[in-house]
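Asker: Structure in structure tokens, see below.
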Amino acid sequence: MSKSNGANGAGGERILRLMIVDDSNIIRRRIERSQQHARLQVVGSAANGREAVELFQKTNPDVVTMDLTMPEMDGIQCVERLVTMKPEILILVVSALADKATAVEAIEKGANGFLCKPFSDRQLNDALAELLKET
Amino acid sequence: MSVTTAAEIRTFVEGTTNYFEVSARQPASVGSPYLVTEGAPGVHEYTGIIGVSGARKGMVYFTAPRAMLTVLLMRMNETDTSDENIKDLVGEVANTISGNARKDFGKEFVISTPTVVAHDPKLVSPPPHVRPFVIPINWRTHSAKLVVCLE
């Protein structure tokens with residue numbers, strides 16, 4: 001894990017710290033393994049919203065992938081907390097909840113994108129690339 | 001008494017086929033869904049159970065043998081096929097198919113986080129007053145089931 005700010009990638013662009021939040025270990029590992037964006041460096045992963053807030057305070061991520069249905073603190077609550085702590089954070093919600101109302105609620109709370117499970121590696125990387133256009 | 005409609009069952013069938021097509025990059029064939037009129041549907045070694053509340057009440061569960069789940073993990077490029085990851089996967093499949101159903105059922109179809117039962121089929125007990133629908137799933141040489149029990 002790294003807490004350093006301002007490291008640059010090969011293209012001179014700033015490296016962005018990525019935190020993965022999902023109650024499924026295999027999904028956390030899959031996102032870490034599959035994400036191929038040169039600007040992203042995984043700084044940690046959390047299994048629920050409460051853990052994510054704690055990890056956020058230790059690692060100060062720039063980008064987050066966020067599940068919604070999780071124990072202890074769900075993803076919508078966690079999005080709200082993270083946006084309060086760091087308004088410029090970029091959050092990609094990665095959830096099985098496929099109704100439009102949930103996607104709209106997540107965006108209204110401060111998420112920047114929504115990827116529906118199940119997802120392919122390409123869909124994940126396309127969604128992350130779209131998110132990073134905002135940087 | 002079950003009031004699950006054919007359109008609702010189709011939602012779960014589509015969610016199941018989509019899961020295998022996308023996650024395993026290998027389609028599953030889904031058999032004809034059937035209503036269980038007596039007793040409870042049998043379960044395999046691992047079962048992921050999602051509680052349903054809100055506008056509908058009941059449960060949805062995905063049950064599969066270890067061999068199928070192991071191959072599914074491998075198709076997802078996961079090298080750790082430990083019991084913990086197998087249990088994680090069976091819960092995630094149930095969660096994903098149930099969550100996808102909200103596309104048709106809407107936000108009032110509230111789903112729980114998964115509960116996983118492994119190695120003890122007696123612990124899987126559908127609500128006694130609801131007749132379960134079984135959606136048979138065949139993938140590669142393996143058989144599994146999605147069971148939908150909704151009031």
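Asker: So A:GLY110 ticks every box in (1) under 18 Å from B:THR113 (Cβ atoms); (2) surrounded by fewer than 19 Cβ atoms within 10 Å (Cβ to Cβ) but one. Which box is left unticked?
Answerer: (1)
Asker: Is it true that B:GLU84 is over 16 Å from the mean Cα position of the chain (by Cα) and either closer than 27 Å to A:GLN35 by Cβ or within 11 Å of chain A (Cβ to nearest Cβ) (or both)?
Answerer: So B:GLU84 passes the test.
Asker: Scan segment B:33-74 for residues that are outside any loop (DSSP other than H, G, I, E, B), surrounded by fewer than 21 Cβ atoms within 10 Å (Cβ to Cβ) and of a type in the set (Ser, Thr, Tyr) and jot them down.
Answerer: Within segment B:33-74, B:TYR34, B:SER53, B:THR70 meet the criteria.
Asker: Also: Just for segment B:109-119: of the residues that are more than 9 Å from chain A (Cβ to nearest Cβ) and either open to solvent by less than 20 Å² (accessible area, probe 1.4 Å) or at pLDDT 95 or above (or both), which one is farthest from A:SER95 (Cα to Cα)?
Answerer: Here the answer is B:ALA118.
Asker: Further question: So for segment B:134-148 (the condition being farther than 30 Å from A:VAL104 by Cβ and part of a loop (DSSP other than H, G, I, E, B)), does at least one residue qualify?
Answerer: There is at least one residue in segment B:134-148 that is farther than 30 Å from A:VAL104 by Cβ and part of a loop (DSSP other than H, G, I, E, B).
Asker: Before we move on, is B:ASN85 out of contact with any Phe, Trp or Tyr (no Cβ under 8 Å at 6 or more places or on another chain), touching a residue at least 24 places away in the same chain (Cβ under 8 Å) and either outside any loop (DSSP other than H, G, I, E, B) or open to solvent by 40 Å² or more (accessible area, probe 1.4 Å) (or both)?
Answerer: No.
Asker: With respect to A:MET1, is the statement that it is modelled with pLDDT of 95 or more, among the aliphatic types (A, V, I, L, M) and loosely packed, with under 14 Cβ neighbours inside 10 Å true?
Answerer: The answer is no for A:MET1.
Asker: Hey, can you tell me all the residues within segment A:60-80 that are without any contact (Cβ under 8 Å) to a residue 60 or more places away in the chain and aliphatic (A, V, I, L, M)?
Answerer: Residues satisfying the conditions are A:VAL64, A:MET66, A:LEU68, A:MET70, A:MET73, A:ILE76, A:VAL79.
Asker: Looking at A:LEU128, is it aliphatic (A, V, I, L, M), closer than 20 Å to B:VAL93 by Cβ and surrounded by 18 or more Cβ atoms within 10 Å (Cβ to Cβ)?
Answerer: no
Asker: Also, quick follow-up: I need the helices (runs of 4 or more DSSP H) fully contained in segment A:19-135, keeping only those with at least 3 residues that are of a type in the set (A, V, I, L, M) and either more than 14 Å from the chain's Cα centre (by Cα) or away from every other protein chain (no Cβ under 14 Å) (or both).
Answerer: Fully inside segment A:19-135 and qualifying: A:49-59, A:75-85, A:100-109, A:121-132.
Asker: Since B:ILE97 meets every condition but one in (1) farther than 20 Å from A:MET70 by Cα; (2) modelled with pLDDT of 95 or more; (3) facing chain A (nearest Cβ under 9 Å), which condition does it not meet?
Answerer: (1)
Asker: Pairs, please: C-beta under 7 Å, at least 6 apart or cross-chain, first residue closer than 10 Å to B:VAL30 by Cα and in segment B:138-149, second charged (D, E, K, R) and part of a strand (DSSP E or B)?
Answerer: Between residues of segment B:138-149 that are closer than 10 Å to B:VAL30 by Cα and residues that are charged (D, E, K, R) and part of a strand (DSSP E or B), there is no close pair.
Asker: Hey, another quick one. Mind listing whichever residues of segment B:64-81 are aliphatic (A, V, I, L, M) and either within 11 Å of chain A (Cβ to nearest Cβ) or in contact with a Gly (Cβ under 7 Å, 6 or more places away or on another chain) (or both)?
Answerer: B:LEU69, B:LEU72, B:LEU73, B:MET76 - these are the residues of segment B:64-81 that are aliphatic (A, V, I, L, M) and either within 11 Å of chain A (Cβ to nearest Cβ) or in contact with a Gly (Cβ under 7 Å, 6 or more places away or on another chain) (or both).
Asker: Out of B:VAL130, B:VAL116, I need the residue that is under 13 Å from B:THR47 (Cα atoms), touching a residue at least 60 places away in the same chain (Cβ under 8 Å) and in contact with a Gly (Cβ under 8 Å, 6 or more places away or on another chain). Which one?
Answerer: B:VAL116
Asker: Considering only residues that are in contact (Cβ under 8 Å) with a residue 60 or more places away in the chain and in contact with a helix residue (DSSP H, G or I) (Cβ under 6 Å, 6 or more places away or on another chain), which ones fall in segment A:103-128?
Answerer: Residues satisfying the conditions are A:LYS117, A:ASP121, A:LEU124.
The values are calculated or read from the model by the stated rules, or taken from the named source; none is laboratory data. Given the structure is predicted, the values throughout are model-derived calculations rather than measurements. Backbone-built Cβ (ideal geometry, glycine too); neighbour counts: all protein chains shown. Surface accessibility is based on the protein's heavy atoms, side chains included, excluding ligands, DNA and RNA. Shrake-Rupley method; radii C 1.70, N 1.55, O 1.52, S 1.80 Å.
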